[in-house]
Amino acid sequence: MIRMEPGYLFLNYLVSRFTDSYNVFFGVLMALQMFFVMKALLVFRDRMPVWLALFVYYFSYYNISLNQMRQSAACAIVLFACTYAYKRKLLPFLIVVAFACTFHISAFVAFVIYPLFIFLRRTQSYKMMWSMVIMGIVMALLVQKSVDVVLATIGLNADYAHYFKDSTHGFFITKFLITLPMPMIFFYYRKRYFRKETIYLAFSLIVMVVATQAREIIGNDAERIMNYFVITQIFALPFVCAHLNKTWRKVTGVLGMSFYIWYWYYMFIFNGYHDTYPYTSLILNQWL
């Protein structure tokens, strides 16, 4: 209870005034999460099919949110904050990210998204993005020993060091390969729609591929930290489809959705990723 963030505890307290059912609390928490996801998606409703972005979100992040509840809520709030970075509205961006931190302290890394977004829009260079990702990994490897000092300097205790340290080394080829289809589709069609507004999305897809190895290369929870930068990848498939002709839109959309369905099955059911399957339901159990 002591180490949990105030936003999460306050929501818990509010719900407890009406019911002691943790199922109700989980429902409210999920409703809050989906509220911010939908707020983010609706900003771009005139530029892409919102239902497709929501489809990608459910098959990529829904199961994770059943386990990493606090951080999933924080990621959803950061996703909405990214829309303010897109609009170059600094104050609302800072306020929303600060709110995300009240659900999971790791969201403080999202503060760098705003200057990163502006920098990438100015450079508009894919080579620069790759260089930044590689430099970030190298720096993370070099500063592991000084993490405790850095955390103490910014007012966080050693309990948060496990997000950056205790790495186990290795290369997971399967995790790497299953993330490649969407970035490959996005970069294949990039000449059709490449503009400064899509540069951060391209960066997000690159980080998504790198994040598959982050846990092994940088630290046990580095992959979770990178989720704040990766979650915007849910815009990639709908954005690509929105810029294709009718025939190729259907082909790409069906192939993309098939991939995410397969990804969901392989990761969460076949491999039991995040231990969220099999599902249980107090309501359905009465009828099955």
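The values are calculated or read from the model by the stated rules, or taken from the named source; none is laboratory data. Since this is a predicted model, take the numbers as computed values, not measurements. Cβ: placed from backbone, ideal geometry, glycine included. Neighbour counts: every protein chain shown.
Which residues, counting only those in the range 18-51, are at pLDDT 95 or above and either in contact with a strand residue (DSSP E or B) (Cβ under 9 Å, 6 or more places away or on another chain) or of a type in the set (Lys, Arg) (or both)? Once the filter is applied, which keeps residues that are at pLDDT 95 or above and either in contact with a strand residue (DSSP E or B) (Cβ under 9 Å, 6 or more places away or on another chain) or of a type in the set (Lys, Arg) (or both), the range 18-51 yields only LYS39. Listed by position, the helices (runs of 4 or more DSSP H) inside the range 89-204 whose residues that are more than 30 Å from TYR266 (Cα to Cα), β-branched (Val, Ile, Thr) and at pLDDT below 65 number at least 2 are 147-153.
Yes or no: TYR57 at pLDDT 90 or above and either farther than 30 Å from HIS274 by Cα or surrounded by fewer than 21 Cβ atoms within 10 Å (Cβ to Cβ) (or both)? No, not satisfied. Within the range 91-107, being over 16 Å from ALA40 (Cα atoms) and touching a residue at least 12 places away in the same chain (Cβ under 8 Å) holds for CYS101, THR102, PHE103, HIS104, ILE105, SER106, ALA107. Tell me, which residue of the range 252-280 that is part of a helix (DSSP H, G or I) and at positive phi is surrounded by the most Cβ atoms within 10 Å (Cβ to Cβ)? Filtering first and then ranking leaves HIS274.
Scan the range 1-14 for residues that are within 16 Å of ALA73 (Cα to Cα) and assigned to a helix (DSSP H, G or I) and the total you get is 7. For the range 30-52, the count of residues that are over 22 Å from ALA85 (Cα atoms), in contact with a helix residue (DSSP H, G or I) (Cβ under 9 Å, 6 or more places away or on another chain) and aromatic (Phe, Trp, Tyr) is at least one.
Might you check whether a residue that is among the polar types (S, T, N, Q) and at pLDDT 85 or above occurs anywhere in the range 233-240? Among the residues of the range 233-240, at least one is among the polar types (S, T, N, Q) and at pLDDT 85 or above, which makes the answer yes. A single member of ARG45, ARG88, ARG70 is crowded, with 19+ Cβ neighbours inside 10 Å and either touching an Asp or Glu at 6+ places or on another chain (Cβ under 8 Å) or over 16 Å from LEU11 (Cβ atoms) (or both), and it is ARG70.
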